[in-house]
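So the structure is just underneath, and the comments pick up after that.
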């Protein structure tokens, strides 16, 4: 298989992760198409990118000219098929296997012969996602960390059919964005979330069992383990629905009771208390300062 020169990138999903990926790709010199299911979501994603780049300008990380040039590289794509014309299409939709597979099935008829496919999944099997496409050898996992512009790591995950040329192209692409890459095997939740999310789940068990309050648990881990953010605060930042989804992938995929989602986590998700994005999670964010909800 010939090496693919990546000049254009399509990003499917204009939420926090998708807009962050579009942001770093544009700053990296790539032409970007940003797609979502509604024009309103695309506009919200573009506004988020504008605000994030403005913060970088105010901090002296980029200049105003670089911001303007990068923003001009990002174009909205109302129709999914438009993404098929790019050299690399990155899916950054919700962490749901069927949703992701349906996106790849819908996109497949519109792909160029050499287009590479990637998923930003944080836990789902790359091999299974690749099986929903017409090119598993050109499919790879590119797991960016959140927030994408600030976090330096990209996990690279090969499916069973991923070609060596696809892998090399993915590594070179991630490094061209100024990221450091880490290779992960295609096992549930890969490396970062295999370690991180069960820690958050255990913190929720610690709250559920009354060992400590929300404030005590987060303070203990920030000052006792030198973590920049407490595990419950971090869960709210990630999104408790995403935390639950990853725990379910681990529990189903590895059949080990240590990955059982905490019942309190399930209850919060059922209540719609998903964290920062919903205004409430283990903290209530609707006032001037976050306040623990338990």
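The values are calculated or read from the model by the stated rules, or taken from the named source; none is laboratory data. All values reported here derive from a predicted model rather than from experimental measurement. Positions of Cβ are generated from backbone atoms using ideal geometry, with glycine treated the same way; all protein chains shown enter the neighbour counts.
Taking helices (runs of 4 or more DSSP H) as the structural unit, those lying wholly within the stretch 43-146 and holding at least 3 residues that are more than 28 Å from residue 238 (Cβ to Cβ) and without any contact (Cβ under 8 Å) to a residue 60 or more places away in the chain correspond to 64-73. Say whether the condition of being out of contact with any strand residue (DSSP E or B) (no Cβ under 7 Å at 6 or more places or on another chain), closer than 23 Å to residue 176 by Cβ and surrounded by 22 or more Cβ atoms within 10 Å (Cβ to Cβ) is met by at least one residue in the stretch 90-103. No, the stretch 90-103 has no match at all. Of the residues making up the stretch 225-248, none is at negative phi, free of Cβ contacts under 8 Å to residues at least 12 places away in the same chain, part of a helix (DSSP H, G or I) and not assigned by TED's automatic domain parsing to the domain that holds residue 100.
Checked against (1) out of contact with any helix residue (DSSP H, G or I) (no Cβ under 8 Å at 6 or more places or on another chain); (2) modelled with pLDDT under 95, residue 248 meets all criteria but (2). Of 206, 166, 180, 162, all but one fail to be exposed (fewer than 14 other Cβ atoms within 10 Å of the Cβ) and at pLDDT 95 or above; the exception is 180.
Every residue, every condition in (1) touching a strand residue (DSSP E or B) at 6+ places or on another chain (Cβ under 9 Å); (2) at pLDDT 95 or above; (3) under 15 Å from residue 92 (Cβ atoms), yes or no:
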residue: 13; (1), (2), (3): yes, yes, yes
residue: 22; (1), (2), (3): yes, yes, yes
residue: 31; (1), (2), (3): yes, yes, no
residue: 34; (1), (2), (3): yes, yes, yes
residue: 42; (1), (2), (3): yes, yes, yes
residue: 45; (1), (2), (3): yes, yes, yes
residue: 49; (1), (2), (3): yes, yes, yes
residue: 56; (1), (2), (3): no, yes, no
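Does at least one position in the stretch 179-202 carry a residue that is over 22 Å from the mean Cα position of the chain (by Cα), part of a loop (DSSP other than H, G, I, E, B) and within 27 Å of residue 275 (Cβ to Cβ)? Taking every residue of the stretch 179-202 in turn, none turns out to be over 22 Å from the mean Cα position of the chain (by Cα), part of a loop (DSSP other than H, G, I, E, B) and within 27 Å of residue 275 (Cβ to Cβ). Taken over the stretch 213-245, the criterion of being out of contact with any strand residue (DSSP E or B) (no Cβ under 9 Å at 6 or more places or on another chain) and surrounded by fewer than 16 Cβ atoms within 10 Å (Cβ to Cβ) is satisfied by 216, 219, 222, 223, 224, 225, 226, 227, 228, 229. Residues that are at pLDDT below 95, within 16 Å of the chain's Cα centre (by Cα) and not assigned by TED's automatic domain parsing to the domain that holds residue 239: does the stretch 102-120 have at least one? Within the stretch 102-120 (the criterion being at pLDDT below 95, within 16 Å of the chain's Cα centre (by Cα) and not assigned by TED's automatic domain parsing to the domain that holds residue 239), the answer is no, since none of the residues qualifies.
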